Amino acid sequence: MISAVDQYLKTLLAFVPRNAANRFTKDYIALIHVPAVGPEKVYSLVLDEAQPMLTVASYKSAVWEIVEDYANEDAAKPELDALQAQVAQDHPAFYYLDSETLKLCDNYSDGRAGLDYYLMLWQRDGETGVSECYEPYSRDDYAWASVIGAMQVLASQFEYAIQ
């Protein structure tokens, strides 16, 4: 039996790019947003040289609130809206998603339940990283604000188009 925490992480990490060996050879950025209130959202950007691909998974209800319900294999899985779209290679948001900015995203794990939380996994230009941040906008951290803003800008142009 898988624990509720493991099931929760497994659900959110399902949108992080990987292959059968649990590794991914292309550059990518995966940003998981667990808001203080409301459902989670996962942004995943594969930085393919030919055509970058953005995937956004927006859960319809907070996964954490129902994780114990669907830990049972017979229970319904959480509902979500997902979009996938190709992004122009020269999109201005990529200026804010370079490896230097990603490396500058410090870990701020000094939070607690009830606060805005972001988890970022990335691979870019031969480097990789995992960073987390509670309440990024209340900190004086330009890197986190840049990455979050760039991912939201990329997603918003497609989310608006499909509504």
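Taking 8 Å as the Cα distance limit and 6 or more residues as the minimum spacing, I'd like the relative contact order of the stretch 4-162 as a percentage. Walk me through the numbers before you get to the answer.
On the way: 269 pairs, mean separation 36.0, N = 159.
Computed value for the stretch 4-162: 23 percent relative contact order.
Once you charge only the Cβ atoms, +1 for Lys and Arg and -1 for Asp and Glu, what is the size of the charge dipole of the chain about its Cα centre, to the nearest 20 debye? It would help to have the intermediate numbers written out before the result.
Working: 11 positive and 25 negative charges, 48 e Å.
That gives the chain a dipole magnitude of about 220 debye.
Binned at 5 Å from 0, what are the whole-percent values of the Cα-Cα distance distribution for the chain, short to long?
Going from the shortest bin to the longest, the percentages are 2, 8, 17, 21, 21, 17, 10, 4, 1, 0.
Which entries in Lys10/Lys77; Lys26/Lys60; Lys77/Lys103; Lys26/Lys103 show an alpha-carbon gap greater than 23 Å?
Details: Lys10/Lys77 12 Å; Lys26/Lys60 29 Å; Lys77/Lys103 34 Å; Lys26/Lys103 17 Å.
In this structure, Lys26/Lys60; Lys77/Lys103 exceed 23 Å between Cα atoms.
Taking the Cα centre of the stretch 94-163 as the origin and placing charges on Cβ (Lys, Arg +1; Asp, Glu -1), which of Tyr117, Thr101, Tyr142 is farthest toward the positive end of the dipole?
Result: Tyr117.
Going by alpha carbons, how many degrees (0 to 90, nearest 10) lie between the helix axis of 4-13 and the longest principal axis of the chain?
30 degrees
Please give, to one decimal in nm, the separation of the simple spin-label points placed at Ile2 and Arg139, each 7 Å out from Cα toward the Cβ.
Calculated label separation equals 2.9 nm.
Since every read-out is calculated from the coordinates, none of them should be taken as a lab result. Note that the structure is a prediction, hence the values are computed from the model and not measured. Virtual Cβ from ideal backbone geometry, glycine too; neighbours counted across all protein chains shown.
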